[in-house]
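Scroll down for the structure; my scribbles are underneath it.
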Amino acid sequence: MAGTPGSGHASVPPLYGLVLAGGRSTRMRRDKAALAYRGRTQLERAMALLDGRVERTYVSVRAEQRAEPLRARFPQIVDTLADVGPVAGLLAAQAQHPEAAWLVLACDLPLLDGATLAHLLRARDPARTATAYRSSHDGLPEPLCAIYEPRSREPLSAYLAAGKQCPRKFLAGTDTLLLDEPNPRALDNINTPEEYGSAMATLTAQSSATTRHVTVQYYALLREQAGRREEALVTAARTPRELYSELAARYPFSLAPEVLRVAINAEFGEWSTPLEDGDAVVFIPPVAGG
C-alpha cells in the first residue's frame, strides 16, 4: 500500500493526499496553482508528485473555485470555513475522511522533489500527531509538506476554536516528529513574482546540468540504512564521491566514504573516477570484524 511504513504499528491509517489550492494568491497577483514550471502547472506537478505515494489524492478549494477549469480536473474537497488559512483545507479533508491520515502539500513548492517526499513517507510515525520537516531556514515545523494523522483532528479543531490559525505553531505545540530536510531548498514556497523568477532560474540551471542514469547497489549496513538492495537514479553527480554525498543527504548513512570501497561496472575504482551514463555503482562497506 502506497505510503505505508514498515511493521511496528498494528493498524496504520490509510494515507491520502491533499494539495492546498484554495489560496487567493494576493501577493503573486496571479493564480499560483496555474503558474507553469517545466511545461506543467504547479497544481498538476503537485498532483503528479503524490501519484503512487498515497491511496487517494484531492485538491483543496474554496467553494467559488470548484468550477475553475484547472481545479475541476481533479477530485476536490471544498472548504467549509472561511478566512482561516490552510487549516480550513485540512479540517475539511479530515471531516470528509476522518479515518485517514493526510499528506498535505502546498501548491507553491516548485522545488519539491520526489526524494524529499519519499524521505517523509519512510519516516512517518502513525503514533505521533504529525510528521513534518524542520525548516532549514528557521528551524520551525514546515506544515505544508507534512503528514497529519487522524489523531490530529481533535486538537487542531480545538486550536482553531481557541482563535488560533497558524499551522506552524500548532505543529510546534503538539506531538510532532520533526525531520531534517534532505534538500534544503525543496520546501521554498513561492509567493511573489520575484520569487517565481528566482525559482524559474533555479529550475533552468538544474535542467541545464548534465545528468546521468546510474544504478546503485547497497550491501550490508548500507542496505539496511537505505532500506533497499538497489535503485536506478538520475543524478548530476560527476564522481562516486559526489554520488555518495547526494545519497547520504537522502538516507541515514553512518559510514564515511573513507571506510568504503567503490566499484563501477564490477571493477574497483577511485572516488574521483568520472561517472558515465549507464554506470552500475556499488558502495562496499568494510567486512564485519575486519
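The values are calculated or read from the model by the stated rules, or taken from the named source; none is laboratory data. Just so you know, these numbers come straight off a predicted model, no measurement behind them. As a convention, Cβ positions derive from the backbone with ideal geometry for all residues, glycine included, and neighbour counts pool all protein chains shown.
Details
- Selected residue (criterion: modelled with the lowest pLDDT) from residues of the stretch 3-22 that are of a type in the set (G, A, S) and crowded, with 18+ Cβ neighbours inside 10 Å: G3
- Within the stretch 48-101, the set of residues being polar (S, T, N, Q) and either within 19 Å of A33 (Cα to Cα) or exposed (fewer than 15 other Cβ atoms within 10 Å of the Cβ) (or both) comprises T57, S60, Q65, Q76, T80, Q96.
- Flag: R238 matches the condition of being outside the structural domain of S136 (by TED's automatic domain parsing) and either under 22 Å from A118 (Cβ atoms) or out of contact with any Lys or Arg (no Cβ under 7 Å at 6 or more places or on another chain) (or both).
- Residue within the stretch 151-162 that is more than 16 Å from the chain's Cα centre (by Cα), outside any strand (DSSP E or B), modelled with pLDDT under 95 and of a type in the set (A, V, I, L, M) present: no
- Candidates Y244, Y219 - the one that is buried (at least 17 other Cβ atoms within 10 Å of the Cβ) and of a type outside the set (A, V, I, L, M, F, W, C): Y244
- The stretch 200-255 - residue that is assigned to a strand (DSSP E or B) and without any contact (Cβ under 8 Å) to a residue 60 or more places away in the chain and, of those, farthest from the chain's Cα centre (by Cα): E230
- The criterion of at least 3 residues that are on the phi < 0 side of the Ramachandran plot and within 14 Å of the chain's Cα centre (by Cα) is met, among strands (runs of 3 or more DSSP E) falling completely within the stretch 31-137, by 101-106, 130-134.
- The sole residue among L117, L177, L203, L144 that is loosely packed, with under 15 Cβ neighbours inside 10 Å and among the hydrophobic types (A, V, I, L, M, F, W, C) is L203.
- Of the residues contained in the stretch 26-45, one or more are found to be modelled with pLDDT of 90 or more, hydrophobic (A, V, I, L, M, F, W, C) and either out of contact with any Ser or Thr (no Cβ under 8 Å at 6 or more places or on another chain) or not assigned by TED's automatic domain parsing to the domain that holds S152 (or both).
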